[in-house]
Amino acid sequence: MAVSSLQRMTVPLASDQSSNAQGLLMPKLKYRFRVFFENFGVSKPTTELTKQVVSATRPNLTFEEITIPIYNSTLKLAGKHTWADITVSLRDDASGQISRLIGEQLQKQMDFLEMASAASGIDYKFLTKIQVLDGGNGATEINVLETWELYGCYLKGANYGDLNYGTNEAATIEMSIAYDNANQTPEGSGVGSAIGRTINDVVTGAGQGA
């Protein structure tokens with residue numbers, strides 16, 4: 001097969017939108033990622049958490065709906081937004097480092113022995129970074145294709161999973177993480193981009209119409 005034919009292996013667009021030979025953009029791959037945690041637990045470093053991650057979900061954003069009934073119809077506007085919790089699953093290592101770090105974070109939020117809670121959110125909240133990578137490793141430089149930075153994180157739940165004589169799987173701990181806000185970097189490439197307030201596609205500081 002001629003190499004030039006590979007440039008046509010995508011969805012054909014209108015002639016004024018693309019050339020006949022355009023090719024397909026390389027997708028981000030789900031298994032090329034890493035997750036960092038800052039100010040998590042008490043022990044340092046927290047890199048063992050990064051090495052033992054099995055899976056992680058990316059942020060999920062929804063807007064509440066504002067309905068405005070008018071005459072024969074109804075207008076719909078975007079209301080307050082909500083960041084859905086993410087889930088990170090980790091292998092529970094034989095040395096106990098993962099369970100210790102998670103336990104420390106839970107204890108920062110609530111001392112389960114003394115039944116005393118933290119005085120304020122700043123005492124226990126942490127930062128989570130989810131990075132999508134390009135596959136580089138070793139002598140080949142790693143390029144970060146996308147980073148999600150989650151601010152004001154805390155453990156909403158920790159599931160220590162089950163034990164089973166009938167499986168060959170590693171024991172895991174699943175963390176449910178709630179957070180206050182998230183930005184997508186590099187800056188200018190997604191959520192958190194500085195595009196300003198707009199009217200249609202014109203950047204402005206104020207608007208009038210619904």
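The table that follows gives values for the structure above.
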read-out	value
Any chance SER89 is among the hydroxyl-bearing types (Ser, Thr, Tyr), outside any helix (DSSP H, G or I) and modelled with pLDDT of 95 or more	yes
Matching entry among VAL53, VAL35, VAL42, VAL88 (being within 19 Å of ARG100 (Cα to Cα), hydrophobic (A, V, I, L, M, F, W, C) and more than 22 Å from the chain's Cα centre (by Cα))	VAL42
Yes/no for SER4 being hydroxyl-bearing (Ser, Thr, Tyr), modelled with pLDDT under 75 and surrounded by 10 or more Cβ atoms within 10 Å (Cβ to Cβ)	no
Residue match in the range 20-29 (condition: exposed (fewer than 10 other Cβ atoms within 10 Å of the Cβ) and within 22 Å of LYS129 (Cα to Cα))	yes
Complete set of residues in the range 132-166 that are at pLDDT 95 or above, among the polar types (S, T, N, Q) and assigned to a loop (DSSP other than H, G, I, E, B)	ASN164
Complete set of residues in the range 71-84 that are over 21 Å from THR185 (Cβ atoms) and either part of a strand (DSSP E or B) or not hydroxyl-bearing (Ser, Thr, Tyr) (or both)	ASN72, SER73, THR74, LEU75, LYS76, LEU77, ALA78, GLY79, LYS80, THR82
Within the range 161-177, tally of residues that are of a type in the set (Val, Ile, Thr), touching a residue at least 40 places away in the same chain (Cβ under 8 Å) and more than 17 Å from PHE126 (Cβ to Cβ)	1
Residue that is farthest from SER89 (Cα to Cα) [pool: residues in the range 116-131 that are of a type in the set (S, T, N, Q) and assigned to a strand (DSSP E or B)]	SER117
Selected residue (only one of ASP92, ASP134 is in contact with a helix residue (DSSP H, G or I) (Cβ under 7 Å, 6 or more places away or on another chain) and under 23 Å from ARG32 (Cα atoms))	ASP92
Single unsatisfied condition, GLN184 versus (1) in contact with a Phe, Trp or Tyr (Cβ under 7 Å, 6 or more places away or on another chain); (2) modelled with pLDDT of 95 or more; (3) under 24 Å from THR62 (Cα atoms)	(2)
Residue ID - surrounded by the most Cβ atoms within 10 Å (Cβ to Cβ), chosen from residues in the range 53-70 that are of a type in the set (S, T, N, Q) and part of a strand (DSSP E or B)	SER55
Residue match in the range 117-129 (condition: farther than 21 Å from THR50 by Cβ and acidic (Asp, Glu))	yes
Residue match in the range 71-86 (condition: charged (D, E, K, R), at pLDDT 95 or above and surrounded by 12 or more Cβ atoms within 10 Å (Cβ to Cβ))	yes
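The values are calculated or read from the model by the stated rules, or taken from the named source; none is laboratory data. Since the model is a prediction, treat every value here as computed from it, not as a measurement. When we count neighbours, we look across all protein chains shown, and the Cβ atoms used for this are built from the backbone with ideal geometry, even at glycine.
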